[in-house]
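*Asks:* Take a look at this one; I'll ask things after.
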Amino acid sequence: MTTPRPQESTPDIPEHLLARAIFGPLGGIVEISAVAATGTWSLTDASPAGFATAHRTQVTRLRELVQRIGEFSDATLAILDDLGYLNEHSVQAPSLLMWSSAYEDVSSPLEAAEVVRRMSRTGADLQLTRFLQALTEAAIARGRNVAHGAELIAEAVRIAVGLLAGALDDSDPLTAQRTSFRTWRTAHLTDLLLPNSPARPEARPRFREYAHALDALLSSGVTATGRPLPAPAPAPAPFILLSDDEGNSVSVTVTGRHPSPSVTGTIMFAAEIGIETPFVRGRLDLALWSSRLEQWGRVLDRLEAGEDAGWMVAERGPSLSVRLVGERDCPEVIVEDVTTSMVTVRVPVALRDDWIARHRERLATVLDARADSVPYLPTNPQPRRNTP
């Protein structure tokens, strides 16, 4: 049902223009999030479609909120699909340059990891601010009740902050939301409230009302009804990420609880093996439980001892093996899917010197997060020093 529009609402603005003003920065948020999620700031590692799939719940809810705030028809919402931001495509350096408003000089090595990181962080702040502005404009144009409209906008910003977690300077989600609001208040609102602003006179008090409502929501951390603002769901991070600066990577990411119950009563996790190279890209679903996670720890032990080792090679389903010296005189990761596709992929990866230590930390994080967690003890622990 369409919300009645009060007398002070702005004149009708074409629906597609309101929508496109939102979809533009939303596209930037998706692309930047996909780049940040790689953990390497490598554009060749970024997969917008893979990121959208891994965050399907958040992306679906964000689409619903955008549609409700703007009262958009399904046909108008389909413009987002036509723009292709959620489809598989390569994220190009000129796109990040655009999202960051030319934060780097065009003569810079735009695909270098540090340059990509700076453009992504700047673009994340900028596109969040523009996203908030476009949502507020749509809510005002549609004459929404300010209290309800502000709650919808706050939730949309909360989800966008969660998607961009890896690209934001603020590690605390609520702090990041408040930072986005303050940036919007300074960069957009103050100009709109001036007597000579481009905003129509009847719209200026509405912008002020939304600013006050959003300020109260984000300052208190609760909605207008007294309910706490929900924290954004943490973005899934790979606990295996074998990657290099050449764009080759093999990752394993826990995406949530597995829908099938385990016959042993042990909690099962849904996971995904991802393969990204300039030539080959693919993904495989995977089920994990405690013994498989702990088996990966023992694989790291063998690799640290200088032995080649495989993970899940004696079980049904996909397996992952690491050869420390492969055919190209560098480590080689072998992913086999014997039971389903019968395909084997070999990925040469120039690994960093500290990659085993970093993977122990990643594994410890996953093990600590299990509901049935038990400490993982490596098979070759370092001896303790005697103390007086």
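*Asks:* For region 359-388, which residues satisfy the criterion of being modelled with pLDDT of 50 or more and either in contact with a His (Cβ under 7 Å, 6 or more places away or on another chain) or under 16 Å from ALA305 (Cα atoms) (or both)?
*Replies:* If the condition is that a residue be modelled with pLDDT of 50 or more and either in contact with a His (Cβ under 7 Å, 6 or more places away or on another chain) or under 16 Å from ALA305 (Cα atoms) (or both), then HIS359, ARG360 are the ones that fit.
*Asks:* If you don't mind, there's one more thing I want to ask. Of ARG182, ARG142, which residue is of a type outside the set (A, V, I, L, M, F, W, C) and touching a Gly at 6+ places or on another chain (Cβ under 8 Å)?
*Replies:* That would be ARG142, the only listed residue that is of a type outside the set (A, V, I, L, M, F, W, C) and touching a Gly at 6+ places or on another chain (Cβ under 8 Å).
*Asks:* Taking the conditions exactly as written (of a type outside the set (A, V, I, L, M, F, W, C), farther than 26 Å from ARG56 by Cα, open to solvent by 70 Å² or more (accessible area, probe 1.4 Å) and without any contact (Cβ under 8 Å) to a residue 24 or more places away in the chain), does ARG298 satisfy them or not?
*Replies:* So ARG298 does not fit the description; no.
*Asks:* Quick test of your reading of the structure: ASP308 fulfils all but one of (1) modelled with pLDDT under 90; (2) out of contact with any helix residue (DSSP H, G or I) (no Cβ under 7 Å at 6 or more places or on another chain). Name the failing condition by number.
*Replies:* (1)
*Asks:* Limited to region 270-292, what total is found for residues that are farther than 25 Å from ASP329 by Cα and either outside any strand (DSSP E or B) or without any contact (Cβ under 8 Å) to a residue 60 or more places away in the chain (or both)?
*Replies:* Number of matching residues: 11.
*Asks:* For ASP191, state whether it is free of Cβ contacts under 8 Å to residues at least 60 places away in the same chain and under 18 Å from ILE29 (Cα atoms).
*Replies:* No, not satisfied.
*Asks:* So which helices (runs of 4 or more DSSP H) are wholly in region 59-141 and hold at least 1 residues that are open to solvent by 20 Å² or more (accessible area, probe 1.4 Å) and over 21 Å from ALA167 (Cβ atoms)?
*Replies:* 74-83, 113-141
*Asks:* Is it true that ALA34 is within 14 Å of GLU88 (Cβ to Cβ), open to solvent by less than 10 Å² (accessible area, probe 1.4 Å) and either of a type in the set (A, V, I, L, M) or touching a Cys at 6+ places or on another chain (Cβ under 9 Å) (or both)?
*Replies:* yes
*Asks:* So MET312 fits all but one of (1) open to solvent by 10 Å² or more (accessible area, probe 1.4 Å); (2) hydrophobic (A, V, I, L, M, F, W, C); (3) over 26 Å from the mean Cα position of the chain (by Cα); what number is the exception?
*Replies:* (1)
*Asks:* Checking GLY39 against (1) within 25 Å of ASP169 (Cβ to Cβ); (2) small (Gly, Ala, Ser); (3) open to solvent by less than 50 Å² (accessible area, probe 1.4 Å), which test does it fail?
*Replies:* (3)
*Asks:* Return the residues of region 317-346 that are aliphatic (A, V, I, L, M) and closer than 21 Å to GLY297 by Cα; say none if nothing qualifies.
*Replies:* LEU320, VAL322, LEU324, VAL325, VAL333, ILE334, VAL335
*Asks:* Follow-up question, since we're still on this one. Taking the criterion of being buried (at least 21 other Cβ atoms within 10 Å of the Cβ) and at pLDDT 95 or above, would at least one residue in region 144-152 satisfy it?
*Replies:* no
The values are calculated or read from the model by the stated rules, or taken from the named source; none is laboratory data. Every value quoted in this text rests on a predicted model; they were computed, and no experiment measured them. Cβ: placed from backbone, ideal geometry, glycine included. Neighbour counts: every protein chain shown. Note: accessible area is taken over every heavy atom of the protein model, side chains too, but ligands, DNA and RNA are not part of it. Shrake-Rupley method; radii C 1.70, N 1.55, O 1.52, S 1.80 Å.
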